[in-house]
1. Within segment 5-21, does at least one residue satisfy the condition of being in a strand (DSSP E or B), touching a residue at least 40 places away in the same chain (Cβ under 8 Å) and surrounded by 15 or more Cβ atoms within 10 Å (Cβ to Cβ)?
2. Name the single residue that is farthest from the chain's Cα centre (by Cα) among those in segment 30-54 being assigned to a loop (DSSP other than H, G, I, E, B) and within 24 Å of residue 200 (Cβ to Cβ).
3. Looking only at residues that are buried (at least 21 other Cβ atoms within 10 Å of the Cβ) and farther than 26 Å from residue 124 by Cα in segment 164-188, which one is farthest from the chain's Cα centre (by Cα)?
4. Within segment 88-95, does at least one residue satisfy the condition of being surrounded by fewer than 16 Cβ atoms within 10 Å (Cβ to Cβ), touching a helix residue (DSSP H, G or I) at 6+ places or on another chain (Cβ under 8 Å) and not in a loop (DSSP other than H, G, I, E, B)?
5. Considering segment 80-131 alone, what residues qualify as being within 11 Å of residue 35 (Cα to Cα) and without any contact (Cβ under 8 Å) to a residue 12 or more places away in the chain?
6. Between 57, 84, 108, 69, which is surrounded by 15 or more Cβ atoms within 10 Å (Cβ to Cβ), part of a loop (DSSP other than H, G, I, E, B) and not assigned by TED's automatic domain parsing to the domain that holds residue 233?
7. Condition first: at pLDDT 95 or above, in contact with a helix residue (DSSP H, G or I) (Cβ under 9 Å, 6 or more places away or on another chain) and more than 30 Å from residue 213 (Cα to Cα). Now tell me which residues in segment 151-192 satisfy that.
8. Does residue 224 meet the test of being at pLDDT below 95 and under 18 Å from the mean Cα position of the chain (by Cα)?
């Protein structure tokens, strides 16, 4: 039994505007753990507590840096650091167009470079993507599904997920890239017509995450393809995906 029309209208008005209008300045909960902040000046001489506590080896010392592509945002480093040299912000904008670009230092700068003029011409207004879950826990996959809901509404930017790689302009890879998915991953990428975009979504796709070094991973499969965009997180927030992709495609946050 549904709401009566007056009741339904009352509920809808109480909900307010569900769509996030500005994906670059969206309000997220203060407790949401996103981009870290590092302050090497606070590091105690000879201390390596943060690096020892990191489960994925994402922390480098001298100077203090964090590999966002390996970070699983567990906060073990912030708990271990006696001087507060590492803290977490709720800044979700941390995509990059190179693997090296995911190394966060004291500057705090992590941002994708703009795509080429040709890619912008082809995909700047309409982009179809195929999702490949290559051995994930479904965390990243759930966030990708959320991109289509009323809050994030990815389709308003001309970006949609499609069922077939032959109808796609690019792929979004999530998961650790297991050996069981090696053939399917390669075949799907090859089926996408050129030119195509390849996006890695989440720590597992970018570095293997906590499974890095496992003999059951086929990380070499990714070496066959040029990676255009890296979206870090465990799992990444939908806003991290949208803001990163739009910055890459349009070269602006406007």
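The values are calculated or read from the model by the stated rules, or taken from the named source; none is laboratory data. Note that this is a predicted model, so its numbers are computed, not measured. Ideal geometry is used to build each Cβ from the backbone, glycine not excepted, and the neighbour counts take in all protein chains shown.
1. No, segment 5-21 has no match at all.
2. Here is the first cut: in segment 30-54, the ones assigned to a loop (DSSP other than H, G, I, E, B) are 30-35, 39, 43-48, 54.
Still in the running and within 24 Å of residue 200 (Cβ to Cβ): 32-35, 54.
Working: 32: 15, 33: 14, 34: 11, 35: 11, 54: 20 Å.
Here the answer is 54.
3. Only one residue tops the list, namely 181.
4. No - not one qualifying residue is present in segment 88-95.
5. Scanning segment 80-131 gives a single hit, 109.
6. Residue meeting the stated conditions: 69.
7. Residues satisfying the conditions are 152, 154, 157, 158, 159, 160, 161, 164, 166, 168, 169.
8. Spelling it out, it is not the case that residue 224 is at pLDDT below 95 and under 18 Å from the mean Cα position of the chain (by Cα).
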